[in-house]
Amino acid sequence: KTIQSSKEIAIGLAKTIIPMSIGSLAANITSLIDLGTITRMLESQNAYLFFKDINIPKEELPNFIYGSFTGLALTVFNLVPSLAGIFGKGIFPTLAESWAAKNQKRIQKSVESVIFASSLIAVPSGIGICALSKEILMFLYSGREAEIAVSFEALAILGIGSIFLSLSIPVFSMLQAIGYADLPVKIMLIGAAAKLIGNIAFMSIPEMNINGAALSTVICYILTSYASIKLLCKKTKTSLNRNKLFFKPFLGGIFCAIGAVLANLFLAEIVGERLSLLISILFGGIIYVLVLFFTGGITKNEIKSLF
């Protein structure tokens, strides 16, 4: 056996810990870019022209829009990735052990299990946020009508982005588990560049306003999720069942959202908006599970394995 010196051990730890620490910023990198660009872009585009009904002095409006976007839309947006991140952390030791033992069968199973679990949660949640963004904000932040009016369209766009961020976070964890802690950082840099360019390009269009920042966030996480999954499959020599892992959850998510929206429209005047939203989400969830069962997207054993 080779005995390493304290210096070699410290260098090895630093090479692993530093990239992993930077990689943990994945969910926050877009917020840092927004902090440096949104207010300036809104000031240059005369944001007050598109929010005339909001009783806010025009010189304060850019800060008000930014605060509404980050305080309401981004808060809801980050809920789904926070849940999805649990799956990546849970599989870390199992995948690391399988990778060290070069057990290709277990590696394949671990990768598929994490992506499947993340997709299963993220897809209906993201599409649901997209379809019911205004209702969700009114439920969570009742009495803050002006902020909701500014941010609900941006949240609808961000709902799609939450799906791709939710997939990126556990995949980043898996790349770290197999010894490629530097790859998430490199992928993040690509996403950050797309986000920065997108903010400047989209928010330069006056009609897009704060929605331009939301759209650039979605593009950022589409790129990072695609690159991270592609690299993970390449490094682990695994192949994914795209039909089961992506297409069927997306199909179920669409039916889930349609069912929830229709149920909410029907029930809102009968039981009230708050209770209607909760019932509609439950109804949409039932539809989602049924669609997955009937299309073979999930089995009873897979539901048990998730828990």
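Brief remarks on what is shown
- Test: residue in segment 215-222 that is surrounded by fewer than 21 Cβ atoms within 10 Å (Cβ to Cβ) and under 30 Å from Ala96 (Cα atoms): yes
- Just so you know, in segment 235-257 the residues that are assigned to a helix (DSSP H, G or I), open to solvent by 30 Å² or more (accessible area, probe 1.4 Å) and touching a residue at least 12 places away in the same chain (Cβ under 8 Å) include one that is farthest from Val289 (Cα to Cα), and it is Lys235.
- Candidates Ser68, Ser142, filtered to the one that is modelled with pLDDT of 85 or more, out of contact with any Leu (no Cβ under 8 Å at 6 or more places or on another chain), open to solvent by 60 Å² or more (accessible area, probe 1.4 Å) and not charged (D, E, K, R): Ser142
- Subset of segment 128-139 that is open to solvent by less than 60 Å² (accessible area, probe 1.4 Å) and not small (Gly, Ala, Ser) - its residue that is nearest to Ile65 (Cα to Cα): Leu137
- Boolean, Leu183 is open to solvent by 30 Å² or more (accessible area, probe 1.4 Å), without any contact (Cβ under 8 Å) to a residue 60 or more places away in the chain and among the aliphatic types (A, V, I, L, M): no
- Odd one out for Gly296 among (1) open to solvent by 20 Å² or more (accessible area, probe 1.4 Å); (2) in contact (Cβ under 8 Å) with a residue 60 or more places away in the chain: (2)
- The single condition among (1) under 20 Å from Gly67 (Cα atoms); (2) open to solvent by 10 Å² or more (accessible area, probe 1.4 Å); (3) of a type in the set (Val, Ile, Thr) that Val150 does not satisfy is (2).
- Residue within segment 166-180 that is assigned to a helix (DSSP H, G or I), farther than 19 Å from Ile33 by Cα and either open to solvent by 20 Å² or more (accessible area, probe 1.4 Å) or of a type in the set (Asp, Glu) (or both) present: yes
- Against the test of being closer than 26 Å to Ile86 by Cβ, open to solvent by less than 40 Å² (accessible area, probe 1.4 Å), touching an Asp or Glu at 6+ places or on another chain (Cβ under 7 Å) and outside any loop (DSSP other than H, G, I, E, B), the options Leu232, Leu277 yield a single qualifying residue, Leu277.
The values are calculated or read from the model by the stated rules, or taken from the named source; none is laboratory data. These numbers come from a predicted model, not from an experiment. Note: ideal-geometry Cβ built from the backbone for every residue, glycine included; neighbour counts use all protein chains shown. Accessible surface areas use protein heavy atoms only, side chains included; no ligands, DNA or RNA. Shrake-Rupley method; radii C 1.70, N 1.55, O 1.52, S 1.80 Å.
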